[in-house]
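Right, one structure below, let's go through it.
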Amino acid sequence: MARLEDIPQPTRDAVANLPCPSFDTHPFVAGPPLAQRRVAIVTSAALIRRGDQPFAFGSGEARFIPADIPAAEQLISHVSINFDRSGFQRDRNVVFPIDRLRELAADGVIGSVADTHYTVMGSTDPAAMIESVGQIAGQLQQERVDAVLLTPV
Amino acid sequence: MPCVAIGAVRVQMEKTQPPRGLFVPFQLGRPLGEPEDVAFQRRVLSQALGLLERTDGPVILADFPDDPPGWSDTPGWEPPVLPTLATPTDPTGWRDAFATELAALRPAWAQARARFGRSTVGLSFVSPEDWPALAAAFAGGELPAVAGHTTAALTLRFLCDDIKAFYGEAGQAVGSAPSSRQVDGWFWRATLAGRLLVALRTMAMASDNNAMKTVGGRFFVPVPWLPG
């Protein structure tokens, strides 16, 4: 089992009681069949390219990830020490499933994989990310993406 | 923009009400569930992306039915052999003992790099052979500067991250994948490096440097692994 009750304290209470934003509206968008969709990943794992500055704690910035970035060039710079990294050490797809998306595209399950993907720092007030969200949305539209997969850590 | 979120904390998805969310009963840090298990990852992805074709919104929350196969401990997993090292009492002792342990683990780390085709070590901008002297400087109360990092506190934080990554990779170099609990238990209870990080936390929290206090208290040692 790996459910909320299995998360060690005090992280369990912190995630269970985390203040979450609520919204007055619930936009809901349909789209073409999955086999025609262009898919991008947005992850809150604070992934960086080797040699780049790690994300700063509380930073609302977003970074763009080229789809062809080699696995050996990706590091995880999330500030929290309360989640597992051993899985990412073995296989980046457990956080950033770029190889799985490529396979799904090759098999015709999805239409294609976007050229650009995105990462932000989790454990950050979403209000700090408003400008970044606009940057991400602009690039998604430019690349004609019509499906976004969010992968938190 | 049609979005689907994978979430490991169902109560957070219930609060935020995303248009489409797949709750997964996986541990934090593994939204796709299981490293190196292509079939399992594809099942998770297929269920998540499949929600994009549903139109019965405005909020669709679904549950992935299975726990990941790697949640249980792996019987017979054997971590790399460590030298027997007493807990040092001064910076020079920490430097020498840490260097000895790192040297003993270098072959396993090299095996891990070959096995996984990469390493996730690199946040500190410092090579492993220079870690013992750097850690000893911090243990002695110095605030050494490292090019690329704006403060000594950040340097130490990312050094700690790199040490944990090095050991995590070395610990998984051979055999079947251990559970994350096995890796953590080995690092925090069996290695000198685990004791070093606890000592650095103690040093940082006693520092006059407020940034050092903050990072030391929050970002070196997870609470479940604090002594006592």
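The values are calculated or read from the model by the stated rules, or taken from the named source; none is laboratory data. Because the structure is predicted, anything quoted here is derived from the model rather than measured. Neighbour counts run over all protein chains shown; Cβ positions are idealised from the backbone, glycine included.
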Only one of A:Ile69, A:Ile81 that is without any contact (Cβ under 8 Å) to a residue 40 or more places away in the chain, assigned to a loop (DSSP other than H, G, I, E, B) and more than 7 Å from chain B (Cβ to nearest Cβ): A:Ile69
Any residue at all in the range B:193-200 that's under 29 Å from B:Glu36 (Cβ atoms), modelled with pLDDT of 95 or more and among the charged types (D, E, K, R)? no
Can you pull out every residue in the range B:64-120 that is at pLDDT below 95, within 20 Å of the chain's Cα centre (by Cα) and of a type in the set (Gly, Ala, Ser)? B:Gly70, B:Ser72
Scan the range B:23-73 for residues that are closer than 19 Å to A:Ile7 by Cα and surrounded by fewer than 17 Cβ atoms within 10 Å (Cβ to Cβ) and jot them down. B:Asp63, B:Pro65, B:Asp66, B:Pro69, B:Ser72, B:Asp73
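A quick yes/no check of all residues on (1) over 29 Å from B:Ala110 (Cα atoms); (2) within 15 Å of the chain's Cα centre (by Cα); (3) of a type outside the set (Lys, Arg):
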{"site": "A:Pro8", "(1), (2), (3)": "yes, no, yes"}
{"site": "A:Pro27", "(1), (2), (3)": "yes, no, yes"}
{"site": "A:Leu34", "(1), (2), (3)": "yes, no, yes"}
{"site": "A:Arg38", "(1), (2), (3)": "yes, no, no"}
{"site": "A:Asp52", "(1), (2), (3)": "no, no, yes"}
{"site": "A:Ala56", "(1), (2), (3)": "yes, no, yes"}
{"site": "A:Ala62", "(1), (2), (3)": "yes, yes, yes"}
{"site": "A:Ala72", "(1), (2), (3)": "no, no, yes"}
{"site": "A:Gly87", "(1), (2), (3)": "no, no, yes"}
Any residue in the range B:53-61 that is more than 7 Å from every other protein chain (Cβ to nearest Cβ) and touching a residue at least 40 places away in the same chain (Cβ under 8 Å)? yes
Out of curiosity, is B:Leu159 more than 13 Å from chain A (Cβ to nearest Cβ), farther than 15 Å from B:Ala108 by Cβ and of a type in the set (A, V, I, L, M, F, W, C)? no
Taking the range B:1-47 and keeping only residues that are among the small types (Gly, Ala, Ser) and touching a Phe, Trp or Tyr at 6+ places or on another chain (Cβ under 8 Å), one is left with B:Gly7, B:Ala8, B:Gly29, B:Gly33
Of the candidates B:Ala170, B:Ala211, the one satisfying the condition of being within 13 Å of chain A (Cβ to nearest Cβ), surrounded by fewer than 21 Cβ atoms within 10 Å (Cβ to Cβ) and touching a residue at least 12 places away in the same chain (Cβ under 8 Å) is B:Ala211
What's the total number of residues in the range B:28-74 that are within 26 Å of B:Gly185 (Cα to Cα) and in a loop (DSSP other than H, G, I, E, B)? 16
Of (1) within 24 Å of the chain's Cα centre (by Cα); (2) at pLDDT below 95; (3) of a type in the set (D, E, K, R), B:Glu36 satisfies all except one. Which? (2)
Matching residues, the range B:9-37, being aliphatic (A, V, I, L, M) and facing another protein chain (nearest Cβ under 7 Å): B:Val9, B:Val11, B:Leu28, B:Leu32
Residue check: is A:Leu75 in contact (Cβ under 8 Å) with a residue 12 or more places away in the chain, within 7 Å of another protein chain (Cβ to nearest Cβ) and either surrounded by fewer than 17 Cβ atoms within 10 Å (Cβ to Cβ) or touching a strand residue (DSSP E or B) at 6+ places or on another chain (Cβ under 6 Å) (or both)? yes
Single match in A:Pro27, A:Pro32 (criterion: in a loop (DSSP other than H, G, I, E, B), out of contact with any Cys (no Cβ under 9 Å at 6 or more places or on another chain) and loosely packed, with under 13 Cβ neighbours inside 10 Å): A:Pro27
